[in-house]
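Trainee: Sharing a structure below in structure tokens format, with a few things to ask.
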Amino acid sequence: MIAETGHYALILALGVAIVQMLVPLIGTHYRDPKLTAVAVPAAQAEFILIGIAFIALMTAYVTSDFSVANVWQNSHSAKPLLYKISGVWGNHEGSMVLWVLILALFGAAVATFGNNLPRQLQANVLAVQSSIAVAFLLFIIITSNPFMRLDPAPFDGEGLNPVLQDPALAFHPPFLYAGYVGFSMAFSFAVAALIDGRIDAAWARWVRPWTLAAWMCLTIGIAMGSWWAYYELGWGGFWFWDPVENASFMPWLAGTALLHSALVMEKRDALKVWTILLAIITFSLSLMGTFLVRSGVLTSVHAFAVDPARGVFILAIMGVFIGGAFALFAWRAPLLSQGGLFAPISREGSLVLNNLLLTVACAAVLVGTLYPLALEAITGEKISVGAPFFNLTFVPLIVPLLIAMPFGPLLAWKRGDLLAAAQRLMTAAIAALAVMILVLAVNQHGPWLAPLGIGLGIWLIMGAPTEIAYRVKLFDVSGSESWRRARNLPRATFGGALAHAGVGVMVIGLVSTTAWRSERIELLAPGESLDIAGYDLAFAGVAPRQGPNYSERVAKFVVTRGGEPVTELTPSKRAFAVEKSATTEAGIHNSWRGDLYVVLGDQLKDGAYSVRVYFNPMVRLIWIGALIMFFGGGLSLSDRRLRVGAPKRARSKMAAAAAVE
């Protein structure tokens with residue numbers, strides 16, 4: 001009965017979502033407060049019902065109920081409990097239930113914590129959010145029912161894809177979906193504003209927390225996916241410019257632009273129309289990512305290879321929501337006021353530059369991702385667009401953005417002084433130059449652009465706290481006065497500086513591992529050794545080992561440096577009997593210098609093994625930087641000014657406008 005309960009809960013959730021979609025819109029149209037008020041309990045009920053369905057599916061996985069076809073296809077009684085749970089979203093049907101659960105969670109959060117929102121705006125936001133839920137609940141019930149029964153029930157399941165049986169993959173999809181789906185809230189606010197025909201600084205204040213929460217989740221989700229691919233796939237890299245990777249990266253770029261654009265709108269009542277457009281574009285890219293992963297048009301380790309007919313359904317959803325939103329934008333945007341003016345050299349101007357470079361970079365990634373698919377659909381010719389294209393198009397756009405990043409917070413609103421900002425950044429510039437010279441002296445044989453990249457990372461790290469030092473008048477007033485000013489600074493100021501510093505840490509990691517990576521591919525017999533980056537690796541042999549649901553052959557490498565023992569690495573090759581597939585498990589030793597990364601290949605007839613060894617300098621700074629960015633976003637989100645609600649100034653203006661009406 002648990003599976004049937006979950007199925008009926010999804011159907012009931014669809015009915016509630018339809019009510020939530022229609023009744024509040026009717027209420028706002030006829031100004032009926034009772035009908036408008038239906039949005040809040042409906043959103044909460046929808047979340048509870050979808051939660052019941054999700055718990056029912058998880059229960060079927062944990063109890064190994066193989067009478068449910070989805071459980072039989074993606075689980076096995078011998079799987080560890082963690083992977084039974086993660087198996088819920090390690091497949092198409094289950095992941096779509098998680099998708100709509102997160103969608104309903106954001107809607108319920110606005111319903112529960114959005115008490116300070118104008119009732120008409122809240123009702124319209126929840127109605128638009130529910131319309132998305134209606135579309136995807138229909139998609140699940142019609143094409144992707146996770147509760148289909150098997151009769152008779154099989155004795156055991158077919159297991160989960162072995163590459164997904166990993167702790168990082170247990171948490172990566174929920175964070176990624178929270179980012180993808182979280183941007184639906186910005187979309188719903190944008191469409192609701194277009195329906196109302198009115199948008200102001202208070203709107204930006206309300207939309208920023210939800211956008212920031214989605215951005216944080218997408219940031220950590222992408223980082224966890226990169227980390228998983230690094231150590232699980234055995235290729236020694238962290239980013240492949242895979243189309244599915246790009247599908248998550250593009251909403252992140254657009255969402256980053258949206259965060260900064262909403263800041264301008266909130267502070268200066270400017271960039272109104274552009275912010276609305278960005279909100280629509282960001283969620284449109286999220287929908288496109290959902291289509292790419294689930295349509296069957298891509299073959300990727302990240303993708304769900306499913307029936308293309310499902311892709312047609314999602315394509316129709318995309319057409320309705322993206323086409324409808326852009327049509328509404330084209331109709332209503334000319335009626336919206338444009339907001340205040342500002343000089344090119346100002347904080348607003350720096351954020352416009354930020355938006356310009358981020359959106360053009362996003363467009364470059366979009367072209368590189370979709371062009372091969374479009375060419376194949378039109379001509380049948382298959383081509384691959386890889387790292388060279390993206391490096392030549394994306395990097396030249398991002399470097400100017402990174403150079404300009406520390407200037408923005410130091411410029412005044414409306415009209416700024418670029419020379420004064422440059423003078424305040426002199427310490428950061430000197431530190432970056434000194435590090436560049438030092439790196440160049442140590443690496444005299446190139447690559448020659450790498451020291452510039454390291455210097456850019458130091459520039460960002462040192463430039464990030466400069467705004468704080470300037471605002472607390474460090475060294476210009478007494479220490480106690482600076483401390484008092486620091487205590488009174490909003491948390492968003494510290495959060496923004498921390499996130500920018502995280503970008504600098506990530507840049508250093510990216511440049512270091514790209515420029516100075518070492519690689520050796522050798523045939524080794526037990527007793528032989530090789531050296532790389534100052535390490536000596538002695539191959540001690542291979543031994544069998546049995547895991548909970550796999551068998552493996554484990555190699556042993558004794559690592560020394562300068563004759564001193566360092567560690568033992570045990571890369572392996574695992575064989576999963578149920579899934580009839582194998583995985584490669586890398587042996588990794590990390591230090592402050594970087595990662596020593598060993599992969600065991602196939603055994604040859606003479607008894608030797610193919611061995612690949614990499615040394616990736618400071619590669620972990622990439623994920624540490626992403627983690628710092630995540631915590632910076634969390635610190636900003638904790639700012640009391642970003643609680644859902646209108647500023648008093650905005651509320652008074654809206655009340656006056658209502659009185660006039």
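Trainee: Assuming R0 = 56 Å, can you tell me the calculated FRET efficiency for the pair Glu528 and Thr63, based on Cβ-Cβ distance, to the nearest 0.05?
Mentor: In this case the efficiency is close to 0.65.
Trainee: Once a ≥ b ≥ c are taken as the square roots of the eigenvalues of the Cα gyration tensor of the chain, is the result rounded (a/c under 1.5), prolate (a/b larger than b/c) or oblate (a/b not larger than b/c)?
Mentor: It comes out oblate by the Cα gyration axes.
Trainee: Measuring from centroid to centroid over Cα atoms, what is the spacing of region 35-75 and region 217-289 in Å?
Mentor: About 28 Å separates the Cα centre of region 35-75 from the one of region 217-289.
Trainee: Once you have a ≥ b ≥ c as the square roots of the Cα gyration tensor eigenvalues for region 519-617, tell me rounded if a/c is under 1.5, and otherwise prolate or oblate according to whether a/b is larger than b/c.
Mentor: Verdict is prolate for region 519-617.
Trainee: Ranked by Cβ crowding within 10 angstrom, fewest neighbours first, how are Phe283, Phe313 ordered?
Mentor: The most exposed by this proxy come first: Phe313, Phe283.
Trainee: If we count every other residue with Cβ under 11 angstrom of Val472's Cβ, Lys/Arg +1 and Asp/Glu -1, where does the sum land?
Mentor: Once all neighbours under 11 Å are counted, the net charge is +2.
Trainee: Under a crude label model (7 Å from the Cα following the beta-carbon direction), how far is Lys382 from Val442 in nanometres?
Mentor: 4.4
Trainee: How much length, in nm to one decimal, is gained on full extension between Asn145 and Phe631, taken as 0.36 nm per residue of separation minus their Cα-Cα distance? Provide the component values of the computation, followed by the final result.
Mentor: Details: separation 486, 0.36 × 486 = 174.96 nm, distance 3.71 nm.
Using 0.36 nm per residue and subtracting the Cα-Cα distance, I get 171.3 nm.
Trainee: Multiply the residue separation of Phe475 and Ile398 by 0.36 nm, subtract the distance between their alpha-carbon atoms, and state the gained length in nm to one decimal.
Mentor: Roughly 24.4 nm would be gained on extension.
Trainee: Moving to a separate point now. Using 0.36 nm per residue of separation minus the Cα-Cα distance, give me the extension gain between Phe155 and Ile2 in nm, one decimal. Please report the intermediate quantities before stating the final value.
Mentor: Working: separation 153, 0.36 × 153 = 55.08 nm, distance 1.87 nm.
Stretched fully, the Phe155-Ile2 segment lengthens by 53.2 nm.
Trainee: While we're here: Quickly work out the Arg553-to-Met318 label distance, labels modelled 7 Å from Cα along the C-beta direction, and quote it in nm with one decimal.
Mentor: My value for the distance between the label points is 4.3 nm.
Trainee: When the helices in the chain are scored as -39500 (n - 2.57) per DSSP H run of 4 or longer and the sum is shared across all residues, what 222 nm value do you end up with, to the nearest 500 deg cm²/dmol?
Mentor: Per the formula, -21000 deg cm²/dmol.
Trainee: Which residues in region 211-241 place their backbone N less than 19 Å from a point set 7 Å from the Cα of Phe389 along the Cα-to-Cβ direction?
Mentor: 239-241
Trainee: For Val611, Val566, what's the fewest-to-most ordering of other Cβ within 10 Å of each Cβ?
Mentor: Values: Val611 21, Val566 16.
Neighbour counts put them in this order, fewest first: Val566, Val611.
Trainee: What does the charge dipole of the chain about its Cα centre add up to, to the nearest 20 debye, if the Cβ of each Lys and Arg holds +1 and the Cβ of each Asp and Glu holds -1? Display every interim value, and only then the final one.
Mentor: Numbers: 46 positive and 39 negative charges, 530 e Å.
The dipole magnitude comes to about 2540 debye.
Trainee: Which order, highest average first, do 213-225, 159-171 follow once you tally other Cβ atoms within 10 Å for each residue and take the mean per peptide? Working shown, then result.
Mentor: Values: 213-225: 24.0, 159-171: 19.9.
Averaged packing, sorted descending, gives the order 213-225, 159-171.
Trainee: Net charge within 13 Å of Gln603 by Cβ-Cβ distance, Lys/Arg positive one each and Asp/Glu negative one each, not counting Gln603 itself?
Mentor: Neighbour charge sum, excluding Gln603 itself: +1.
None of the figures in this text is laboratory data; all of them are computed from the coordinates on show. Being a predicted model, the structure only gives us computed values, none of them experimental. Please note: Cβ atoms are built from the backbone with ideal geometry, for glycine as well, and neighbour counts cover all protein chains shown.
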